[in-house]
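Before any comments, here is the structure.
None of the figures in this text is laboratory data; all of them are computed from the coordinates on show. What you see is a predicted model; the values in this text were computed from it and never measured. Cβ: placed from backbone, ideal geometry, glycine included. Neighbour counts: every protein chain shown.
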Amino acid sequence: MHKFIADRIHQVPPSGIRKFFDIAATMSDVISLGIGEPDFTSPRSVIEAGIHALQQGETHYTSNNGLIELREALSGYIKGLYGIEYDPQNELLVSVGVSEAMYLTVTATINPGDEVIIPEPCFVSYSPEVIFAGGVPVMIPTTFEDDFQVTAEAIEAAITPKTKALLIGYPNNPTGAVLTRERLLEIAKVVEKHNLLVISDEIYDRLVYGIQHTQFATLPNMRERTVVLSGLSKSHAMTGWRVGYAAASADLIAAMRKIHQYTIMSAPTVAQYASIEALKAEEDVQMMLAEYDRRRRLLVNGLNELGLDTFEPRGAFYAFPRVTKSGMSGEEFSERLLDEEHVAMVPGSAFGDSGTDFVRACYATAYEKIEEALERLYRFMQRHG
């Protein structure tokens with residue numbers, strides 16, 4: 001243990017996702033159902049807007065908050081989707097992906113020793129970000145039997161005098177779960193009763209199937225106590241452009257901007273211009289959504305037919321099968337599947353202890369590859385099922 005490294009860094013293990021991709025990268029003919037990234041290229045109009053910005057010499061810093069043109073477009077975009085209005089001048093902040101927005105939010109709001117309630121399974125960065133800010137993550141499990149939806153009762157049971165915030169991510173990575181409006185309303189009542197901040201990661205808000213997404217800030221009395229985090233990486237196939245945003249009350253955004261201006265300065269200028277165009281690319285979003293839905297049905301049905309119990313994910317682009325029929329933990333299942341059949345998935349334990357018996361399978365890959373992966377899974381389960 002190096003004497004110069006801060007103690008809090010040692011509290012956080014390396015990402016459980018990365019290990020499997022490092023192994024997969026050394027193998028031929030691997031079908032990856034692992035990394036949570038669209039296989040689509042960014043829409044043509046988005047790429048052309050980025051090229052045009054470069055040709056026009058847009059290679060300088062922007063405002064710390066992001067281009068006002070982008071913030072105005074985002075304000076209209078959010079209002080069109082959810083009927084809630086954020087002032088582009090002081091209630092929106094453009095970040096380097098949602099990952100930076102999450103860092104800014106936690107760093108700006110959490111004092112040392114503050115507790116943050118986090119339902120799991122959840123995205124791998126939630127707990128580490130809280131620890132890096134000096135806070136204490138309080139993990140509460142969700143279950144397969146309840147479609148991985150956190151309940152107001154479970155949240156309230158975890159609240160102590162030190163609880164500062166609730167950090168939720170729905171549609172959920174890794175499970176694909178979506179909270180019903182009724183359950184969100186129950187959670188909002190608990191949040192108000194105990195005067196909590198809500199950090200709502202809604203990066204998958206556009207990727208829902210057969211249902212409506214409810215933005216948390218639109219719930220009664222939630223706007224002033226909610227930081228909504230979202231972006232274009234997943235819905236618009238723009239992971240490499242690194243553009244996210246935070247929407248919140250002016251005082252919260254001001255605190256976040258202070259950290260942002262001292263650490264990042266501004267999100268990439270070319271990517272911001274491209275994002276203005278992306279917000280107009282609704283046909284592309286709907287095309288990708290329809291294809292994800294087609295793949296979703298193929299993968300979920302195929303997994304269930306193999307005896308790997310999989311609840312129906314209603315959002316994002318992940319299935320979360322339970323692998324207990326194989327007699328293995330999710331970790332062993334992922335390792336052996338990669339070794340024996342060259343199919344990469346991520347063990348559910350990477351997303352929290354309640355994911356131990358599961359694996360995450362991402363269907364943001366070609367339909368034909370998913371078909372082939374299911375055939376390989378069939379062979380694997382014939383040996384181990």
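Computed quantities for the displayed model
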{"item": "Unit charges at the beta carbon, dipole of the chain: most positive-side option, V359, V98, V116", "result": "V116"}
{"item": "Unit charges at the beta carbon, dipole of region 44-281: most positive-side option, P268, L197, I159", "result": "P268"}
{"item": "Unit charges at the beta carbon, dipole of region 237-358: most positive-side option, L298, A254, L279", "result": "A254"}
{"item": "Per-residue ³J(HN,Hα) for region 362-371, Karplus 6.51 cos²θ - 1.76 cosθ + 1.60, θ = phi - 60°, Hz, x for Gly and Pro", "result": "9, 9, 8, 9, 4, 3, 5, 5, 5, 4"}
{"item": "FRET E, pair K193, R379, Förster distance 56 Å, beta-carbon r, rounded to 0.05", "result": "0.60"}
{"item": "Exposure proxy ranking, count of Cβ atoms within 10 Å, fewest first, for D29, D357", "result": "D29, D357"}
{"item": "Those lysines that a straight Cα-Cα span of less than 27 Å connects to K164, excepting residues fewer than 8 apart in one chain", "result": "K189, K193, K258"}
{"item": "Local net charge near M102, Cβ-Cβ under 14 Å (Lys/Arg +1, Asp/Glu -1)", "result": "-3"}
{"item": "Charge context of N111, other residues only, Cβ under 15 angstrom, K/R +1, D/E -1", "result": "0"}
{"item": "Dipole in debye (nearest 20) - region 100-224, about Cα centre, beta carbon charges: Lys, Arg +1; Asp, Glu -1", "result": "240 debye"}
{"item": "Cβ-derived FRET efficiency at R0 22 Å, E368 paired with E48, nearest 0.05", "result": "0.15"}
{"item": "For V359, distant residues with modelled amide H under 5 Å away", "result": "V323, G348"}
{"item": "Set of aspartates and glutamates with alpha-carbon distance to K79 below 12 Å, sequence-local pairs under 8 removed", "result": "D87"}
{"item": "Exposure proxy ranking, count of Cβ atoms within 10 Å, fewest first, for Y126, Y292", "result": "Y292, Y126"}
{"item": "Test item: Cα-centred dipole of the chain, Lys/Arg +1 and Asp/Glu -1 on Cβ, debye", "result": "500 debye"}
{"item": "Residues in region 22-53 that a label on E283 would reach, taking backbone N under 19 Å of a point 7 Å out along Cα→Cβ", "result": "40-50"}
{"item": "MRE, 222 nm, helices only [DSSP H, n ≥ 4, -39500 (n - 2.57), over the chain, to nearest 500]", "result": "-12500 deg cm²/dmol"}
{"item": "GNM result for the chain, Cα springs below 10 Å: residue of H342, H236, H213 fluctuating most strongly", "result": "H342"}
{"item": "Projected area, mean over directions - the chain, Cα convex hull, nm²", "result": "19.3 nm²"}
{"item": "Region 256-385 - charge dipole about Cα centre, Lys and Arg +1 at Cβ, Asp and Glu -1, debye rounded to 20", "result": "380 debye"}
{"item": "Packing rank of 78-87, 146-155, where each peptide gets the mean count of other beta carbons within 10 Å, highest leading", "result": "146-155, 78-87"}
